[in-house]
Amino acid sequence: QVQLVESGGGLVQAGGSLRLSCAASGSIFSDYKMAWHRQAPGKQREFVAFITSGGSTNYADSVKGRFTISRDNAKNTVYLQMNSLKPEDSAVYYCYAEKYSLSSWGRGTLVTVSS
């Protein structure tokens, strides 16, 4: 099972940028499909973006064109570059790993976007 630790969250003004990182350990990272999800206060957790082991990506409509997911298999890390941030992007961002029936969640990193 892979262990995940997110970092890079913080407070940013609307229109600004942040880059989140998710460091993985404990398994063969390159085999995993990796994703970012987020959960705002009082709302359900929602999908943000994923990247497959082969590098294919997909994004939620709400972040398409503003966020970019990438991975560095040599560093066992997946990234989420977030540009043109909006107050509605404020949430706890969670890293997720999936391979066949195995899955893991990180503990999350808080992103707050001020207007």
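Bear in mind that the values in this text are calculations on the coordinates, not laboratory data. As the structure is a computational prediction, the values presented were derived from the model and not from experiment. All Cβ positions, even for glycine, are placed from backbone atoms using ideal geometry, and neighbour counts span all protein chains on display.
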(message) From the phi angles alone, apply the Karplus equation (6.51, -1.76, 1.60; θ = phi - 60°) to the range 67-72 and give each ³J(HN,Hα) in whole Hz, x where the residue is Gly or Pro.
(response) 10, 9, 9, 8, 9, 10
(message) Tell me which of 112, 90, 70 sits at the most positive position along the dipole axis of the range 68-115, charges placed on C-beta atoms (Lys, Arg +1; Asp, Glu -1).
(response) 70
(request) Apply the Karplus parameterisation 6.51 cos²θ - 1.76 cosθ + 1.60, with θ equal to phi minus 60°, to every residue of the range 78-87 and state each ³J(HN,Hα) to the nearest whole Hz, in sequence, with x for glycine and proline. (result) 10, 10, 9, 8, 10, 10, 6, 5, 10, x
(request) Ratio to report: Rg/Rh of the range 48-110, with Cα atoms as the point set and Rh obtained by the Kirkwood method; give two decimals. (result) 0.96
(request) Starting from the amide H of residue 108, placed 1.01 Å from N in the peptide plane, find each other amide H under 5 Å away whose residue is 5 or more places distant or on another chain. (result) 6, 95
(request) Express the relative contact order of the chain as a whole percentage, based on alpha carbon pairs under 8 Å and six or more residues apart in sequence. (result) 37
(request) Choose one answer from 54, 26, 42: the residue with the largest mean-square fluctuation in a GNM of the chain with alpha-carbon springs under 10 Å. (result) 42
(request) Return the single residue from 23, 74, 35 with maximal mean-square fluctuation; model: Gaussian network over the chain, springs between Cα atoms under 10 Å. (result) 74
(request) Can you tell me the dipole magnitude for the range 1-94 around its Cα centre, using point charges on the Cβ only (Lys, Arg +1; Asp, Glu -1), in Debye to the nearest 20? (result) 80
(message) Could you derive backbone 3J(HN,Hα) for the range 95-100 from the dihedral phi with the Karplus parameters 6.51, -1.76 and 1.60 (θ = phi - 60°), listing whole Hz in sequence and x where the residue is Gly or Pro?
(response) 8, 9, 10, 9, 8, 6
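Around residue 31, under 13 Å between beta carbons, what's the net of Lys plus Arg minus Asp minus Glu among the other residues? Walk me through the numbers on the way to the answer.
Values: positive: 33, 71, 99; negative: 98.
Residues near residue 31 contribute +2 overall.
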(message) Pick from 48, 92, 78 the residue whose mean-square fluctuation is largest in a GNM of the chain, springs joining Cα atoms under 10 Å.
(response) 92
